[in-house]
Structure formats: C-alpha cells, structure tokens
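Beneath this line is the structure, given in structure tokens, with notes to follow.
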Amino acid sequence: MGQSGRGQAWALALHGGAGPARSRSYEREEAHMRGVLDAAAAELEAGASALDVVGAAVAALEASGMHIAGRGAAPNADGVWELDAAIMDGATRKAGAVAALVGFESPIAVARCVLERTPHVLLAGAGAAAFARAQGCAPVPDPAAYYTPAASRPVAPGELAHGTVGAVAKDRAGRLAAATSTGGLLHKMPGRVGDAPLIGAGTWADGRCAVSCTGQGELFIRANVAADVSARIVYARQSLHAACAGALADMAALGGDGGLIAVDADGEIAAPFVSDGMKRGLANAGGLRDVRTFR
C-alpha cells in the first residue's frame, strides 16, 4: 500500500504490527490508533519536530496495551518481560536504543534518553535498566499487574510469532525520524533481541527516508531491511515505494513475513507488507487520514 504525498509539508505513518489474526476484529485498536494519528498530525501541523512526534506516538501505542509492545507485550519463556526499542533522528543520524530491557513502562522513552544523554547507540539488559533508573524513567513495580498481553497463545517449535509498534514522520522543516518498540517474539528465549532496536535492521532515518519495520525480526536482521530502503533510493535511484517493495521482497525470499512504514524527503508515504495484514495509520498535510488493518 502506498500513498502519494509529494511536496507535502509534513507526513506521518504509524503501525501496530504485521500479521494480525483474520479471525478477530481490530476496531478498538484502529479507533485508538486514529486518535494517536490525529494527535501526532496536529503536532506536526503546529511545527513540532519529527523526532518528538514519533517518540510520543510510539509511547502512546506502548501505553495502550493493545499491541505486542509496551504494556501489551508478552513475557519470554521464563515469564520475564524483556522489551526492545529504538529511535533515530534523520537530520543528524543520532540514534538511541535499548534491548532486553526489564522493568520500565516505556522502552521508547529510555531509548530517547540513550540518544540524548549518552555517547552510545544501544544499551542492553542490566546496563540498560540501571541507566533507566538513573534517568528517572517510570518503573513497573508489579509486572503481573501492569502488563496486559495483547496476544498469548501456544507457539509451534520454530515459529516466530511477533508484534511491534512504530512511527515515522517528516516535519515541516523537512526533518525525518523513526521510532520502533516491541515485546519481541511470543515465548521468546531469554536474552533474545530482534530487529527493532538494531539501527539499520528494524529502524532507520537519514536525509532520504525514515523506516520502521515489523515482522519476524531474525529475517529483518539478516536482510538489514530498514537501511536497505535508503540504500535502494540512493544507489539504485528507486522511488520510495519501489525501494520498500524490494527490501521486503529480499527479506521474504529468506522465508520471512512482515511489513514496514516509511516516509521520504518529499513527503511520500509507503506502508507495504508481506503478511496477512498490518495495523497502520497514515496522515499528511494534504488531508490524508487513513487507518486500516487488512484492506
């Protein structure tokens, strides 16, 4: 799915994860995403930075408990909630990320602190948690009471059942940014890290495009999907839509499924997927407002 937005002053896309179940309705999730989309669009229209907008949008999706990220994440095979997130500023290519983070409400907020308050890009495990505590990030005192898993089902051996949220934006100043947050695979091995916090694999922003991916993280890592979109634009001179389709096809050829959202420097928006569907919302300064899951 693509949307022409060439020359738009600002553009925005959100996702709530690829591979939703066709057996259920997502009206509640779509209604919430529409509210997040409208709030983010209003901020961009008022001149807010793309980086601020994608961070706030992902934090709202985390807090909703409606997606496999933030409050809606599922525990790993040992019953522990280990979460991943990343945020990237296309104007500077500064990025912050956390992996296997335990005990904090908003992984994307911790990732933003990594970007702004450290010389590093990625903090993991106990080190990430210690950093989050030192920064005063909101803790989760009682995980069993706080988390409301958006999906919980048996997973077949070798199955990569997944879920993620993300946002990408172009602001009125032409800056691009991307943010992604995830609870990772259902019943994942302790310590497993997916593509979401890996800059280039699941999250990317530069002067050409901003990308947030969702799907089977192991395959997105192996195909380096998010950065591949930008590489196709600059080296192969492909359009955003062609670049996104090619990057996803490369991943799918390895046996994976999923999707991505992307915006480019012209305000073009793309939201393709190679799965049963993808919860997504698109908006731009020209009046576009589109939220859907399967269509």
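Taken together, the values in this text are just the output of simple stated rules run on the coordinates, not laboratory data. Here the structure is a predicted model, which is why all the values come from computation and not from measurement. Please note: Cβ atoms are built from the backbone with ideal geometry, for glycine as well, and neighbour counts cover all protein chains shown.
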* Theoretical FRET efficiency, 1/(1+(r/R0)^6), r = Cβ-Cβ of ALA77 and HIS120, R0 30 Å, to 0.05 -> 0.60
* To do: Between ALA178, ALA253, ALA242, find the one with the highest GNM mean-square fluctuation for the chain; connect C-alpha pairs within less than 10 Å.
  => ALA253
* Asked: Highest GNM mean-square fluctuation, the chain, Cα pairs closer than 10 Å: which of SER239, SER25, SER106?
  -> SER25
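Tell me, VAL165, VAL274 in order of fewest to most beta-carbon neighbours within 10 Å?
Taking fewest neighbouring Cβ atoms as first place, the list is VAL274, VAL165.
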* Asked: Over what distance in Å are the Cα centres of the stretch 230-268 and the stretch 201-215 separated?
  -> 9
* In order through the stretch 260-276: 3J(HN,Hα) via Karplus (6.51 cos²θ - 1.76 cosθ + 1.60), integer Hz, x for Gly, Pro -> 7, 10, 8, 10, 10, 5, 8, x, 5, 10, 10, 8, x, 8, 10, 8, 5
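Taking the Cα centre as origin and putting +1 on Lys and Arg beta-carbons and -1 on Asp and Glu beta-carbons, what dipole magnitude results for the chain, to the nearest 20 debye?
Values: 26 positive and 28 negative charges, 46 e Å.
About 220 debye.
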* Segment ALA21-ALA173, length gained on full extension (0.36 nm per residue, minus Cα span) -> 50.9 nm
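Assuming 0.36 nm per residue, please report the length gained on full extension of the stretch ARG133 to ALA63 beyond their Cα-Cα distance.
23.3 nm
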* Indicate the gyration tensor shape class of the chain (rounded, prolate or oblate), computed on the Cα atoms with a ≥ b ≥ c the square roots of the eigenvalues: a/c under 1.5 is rounded; otherwise a/b larger than b/c is prolate and the rest oblate. => rounded
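Can you put ARG172, ARG28 in order, fewest other beta carbons within 10 Å first? Each step should come with its number before you reach the end.
Details: ARG172 16, ARG28 10.
Lowest to highest Cβ neighbour count: ARG28, ARG172.
Which whole-number percent gives the relative contact order of the stretch 185-277, counting Cα pairs below 8 Å spaced six or more residues apart?
In percent, rounded to a whole number, it is 26.
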* Structure fact -> Note to self: C-alpha centroids of the stretch 83-109 and the stretch 30-65 sit apart, in Å, by 16
* To do: Measure off 7 Å from each Cα along the Cα-to-Cβ vector at ARG237 and ARG295, then give the distance between these two points in nanometres to one decimal.
  => 3.8
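Suppose every Lys and Arg Cβ carries +1 and every Asp and Glu Cβ carries -1, with no other charges. What dipole size does the stretch 139-276 come out with about its Cα centre, to the nearest 20 debye?
Numbers: 10 positive and 13 negative charges, 36 e Å.
Around 180 debye, computed over the stretch 139-276.
Could you please rank PHE131, PHE104, PHE294, PHE220, placing first whichever residue has the fewest other Cβ atoms within 10 Å of its Cβ? Mind showing how you got there, number by number?
Numbers: PHE131 19, PHE104 22, PHE294 10, PHE220 30.
Placing the least packed residue first, the sequence is PHE294, PHE131, PHE104, PHE220.
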